[in-house]
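The values are calculated or read from the model by the stated rules, or taken from the named source; none is laboratory data. Note that the structure is a prediction, hence the values are computed from the model and not measured. Glycine gets a Cβ as well: all are built from the backbone with ideal geometry, and neighbour counts include every protein chain shown. Just so you know, the surface numbers come from the protein's heavy atoms only, side chains and all, with ligands and any DNA or RNA stripped out. Shrake-Rupley method; radii C 1.70, N 1.55, O 1.52, S 1.80 Å.
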Amino acid sequence: MAVFSHPEFDHHETVSWCHDAASGLRALIAVHNTHLGKGLGGCRMWPYRSEAEALTDVLRLSRGMTYKAALAGLPQGGGKSVIIGDPRRDKTPELMRAMGRAVNRLNGAYVVAEDSGTSVADMRLMAQETVHVGGLADEKAIAEGRTGDPSPATAYGTFIGLKAAVRHRLQRDDLRGLKVAIQGVGNVGHRLARHLHEAGAELWVTDLHAPAVERCVREFGATAVPMEAIHALEVDVFAPCALGAVLNDTTIPVLKAPVVAGAANNQLAIADRHGEALRERGILYAPDYCINAGGIIDIYYEGPGYDWAIVEAHLQKIGTTLAEIFERAQREAQPTHRIADRMAEEIFRKR
Ligand code: NAD
């Protein structure tokens, strides 16, 4: 399988194919860039239909982590790993420990964390085999009620970023009466809904999972919306917090919100085309990897000496960075995602 000529290959430093016969592990680890520090990124477990699909995912995701860490102002590079398998069926403690050994063989160039299909419990199993595990809460943290789940910080960072977008596009700081449509009210979306509700916003929500919607209706007085209608509502902000590629040829022409600001990864189906399409329609898009960086910021600080005040101060910088992206994009008449890429490259390529 071609790697160097792969369309998603972008000067990745290392791409490893990892196998363990006893546990059945088949995994890939990609380290994109370590100019700023170790390549940190989650381990995704997914029933990929082919090895080619897994390779595409790990190349793309690890590159994204370099950009995310650089813009978040962290002394870290970008990496990612994928395990080929169904997390509900194929996951065993042996498999997770074998993955820990695979991570360990890279001697710290890659630091693993949780992602879709893996949990804090899986990270603990990997940590039996390697010290290169990020975001693991220690005993003190557990006693304080933290688990190492980055979702609260991601949600709070998204809230800060959403406010920066509203300030820039709608010239308002007061969120009372702001209309926000949230697609996906899971770990991040539900917490974002709480921040918005507390700030006085009016909410419309949808989710595949009906109880998640009912909870928002009950707790925040949100209005439940069918899944296919959420992106086309007459609201101020559309906040994608479920899946990727939601900004595409079908949704962009019918979006009515002047601001898109949500936590989902890879929101633009085809980055350049759809970022430009949003700009042409006058819709302000908060680049996903910038607004959703709260999780890696939290993981960076996890461990002994964790202090929420320090984490919170860092999360506030998501707002300042976004404000700079929005101003540059406006000045240069460029889509915001392109400016974000350029700003990240200015940071990690300089070293
Ligand atoms: P989650 O799985 O807890 O929540 C996602 C929710 O979206 C679920 O409730 C799911 O039922 C719902 N959903 C799935 N498909 C949907 C659809 N078509 N329409 C409506 N709802 C749908 O995940 P999460 O941790 O809340 O993450 C949400 C998004 O944010 C993901 O894209 C994730 O990659 C991204 N993200 C999460 C973090 C984090 O710290 N958890 C960090 C960065 C980025």
remark   = Of the residues in the range 60-85, those that are in a helix (DSSP H, G or I) and not hydroxyl-bearing (Ser, Thr, Tyr) number 9
message = Going by what's in this entry, would Val205 be described as assigned to a strand (DSSP E or B) and closer than 26 Å to Arg281 by Cβ?
response = yes
note = Residues in the range 73-85 that are surrounded by fewer than 23 Cβ atoms within 10 Å (Cβ to Cβ) and more than 19 Å from Pro47 (Cβ to Cβ) total 3
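Pull up the range 197-211, narrow it to residues that are within 24 Å of the chain's Cα centre (by Cα) and away from the ligand (no atom under 15 Å from the Cβ), then point me to the one that is least open to solvent (accessible area, probe 1.4 Å). First the steps, then the outcome.
Residues of the range 197-211 that are within 24 Å of the chain's Cα centre (by Cα), as a first pass: 197-199, 201, 203-211.
Going one step further and asking which of them are away from the ligand (no atom under 15 Å from the Cβ), we end up with 197-199, 201.
Values: His197: 74, Glu198: 133, Ala199: 31, Ala201: 11 Å².
Once the filter is applied, the top-ranked residue is Ala201.
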remark   = Flagged in the range 212-270 as assigned to a loop (DSSP other than H, G, I, E, B), within 13 Å of the ligand (Cβ to nearest atom) and of a type in the set (D, E, K, R), in numbering order, are none
query = In the range 18-47, what count of residues is obtained for those that are touching a Ser or Thr at 6+ places or on another chain (Cβ under 6 Å) and either assigned by TED's automatic domain parsing to the domain that holds Ala293 or β-branched (Val, Ile, Thr) (or both)?
reply = 2
ask   = Taking the range 43-59 only, how many residues are in a helix (DSSP H, G or I) and either within 13 Å of the chain's Cα centre (by Cα) or without any contact (Cβ under 8 Å) to a residue 12 or more places away in the chain (or both)?
value = 1
task = State whether one or more residues within the range 144-166 are away from the ligand (no atom under 16 Å from the Cβ) and farther than 27 Å from Ala286 by Cβ.
result = yes
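Return yes when Ala229 is surrounded by 13 or more Cβ atoms within 10 Å (Cβ to Cβ) and assigned by TED's automatic domain parsing to the domain that holds Asp288 and no when it is not. Reasoning before the result, please.
Working: surrounded by 13 or more Cβ atoms within 10 Å (Cβ to Cβ): no; assigned by TED's automatic domain parsing to the domain that holds Asp288: yes.
Answer is no for this residue.
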Identity of the residue in the range 1-32, touching a Lys or Arg at 6+ places or on another chain (Cβ under 8 Å) and more than 20 Å from Met99 (Cα to Cα), that ends up least open to solvent (accessible area, probe 1.4 Å) = His12
